[in-house]
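Note sheet for the following structure.
All of the numbers you see were taken from the coordinates with simple rules; none came from a lab. Quick caveat: nothing in here was measured; it's all calculated off a predicted structure.
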Amino acid sequence: MADIVTNHKARRDYHILETFEAGIVLHGTEVKSLRAGKGQIADAFARVEKEEVWLYNAHIEEYAHGNIHNHALKAPRKLLLHKSEIRKLFGLASVKGNALFPLSFYWKNGKVKVSLGVGTGKQTYDKRDDLKKRDSEREMKRATMKWTKG
């Protein structure tokens, strides 16, 4: 499972409550562009509309060797999920303060899949706590590396 595009901003800005795996409806040039790693999902979000899930603001660059039938860069794209998963997503996303966003695009059995996350936004002090925790873990790791080497 190799990531094509990852949304680092999502893990930094949200407490992720649950993740879902979804298929995505893409045209040929979009797949070719993603195969070349030309995508960006940092500002992307998803919405449940009329029992369907749509991904907005996912930027997939035009395919370099495409023709006049190239895709639109930020077109809404339909996500493929089971009805029970869509109902669950709708319930989770309709709670005030929760957001629905893509975590990554990746390959699975030759198809592009989307890891979709449901989460609540972090406050600035939560982000600072995460940074402090990461820094202290890094320092401990360095100290143990020095201790084991020397």
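Amide H contacts of Leu17 (H built 1.01 Å from N, in plane; Pro and chain starts excluded): Val118, Gly119, Thr120 sit under 5 Å, all sequence-distant by 5 or more or on other chains.
Taken one residue at a time, the phi angles of the range 28-39 give Karplus couplings (6.51, -1.76, 1.60, θ = phi - 60°) of x, 5, 5, 5, 5, 5, 5, 4, 7, x, 9, x Hz. Gly and Pro are set to x. The overall shape of the range 3-123 is prolate: from the C-alpha gyration tensor, with semi-axes ordered a ≥ b ≥ c, the ratio a/c is 1.5 or greater and a/b exceeds b/c. May I ask for the distance between the Cα centers of the range 19-77 and the range 101-147, given as a whole number of Å? First find each Cα centre; the distance between them is then 24 Å.
Residues in the range 122-138 carry Karplus couplings, in order, of 8, 7, 4, 5, 5, 5, 5, 4, 4, 5, 4, 5, 5, 5, 5, 5, 5 Hz; the curve used is 6.51 cos²θ - 1.76 cosθ + 1.60 with θ = phi - 60°, and Gly or Pro positions show x. Scanning residues 5 or more positions from Leu81 or on other chains, none has an amide H under 5 Å from its amide H, with H placed 1.01 Å from N in the peptide plane.
Multiplying the residue separation of Lys83 and Arg138 by 0.36 nm and subtracting their alpha-carbon distance yields 15.5 nm. The H on the amide N of Ile4, modeled in the peptide plane, is under 5 Å from the matching H of Phe105, Tyr106, Trp107, each at least 5 residues off or on a different chain.
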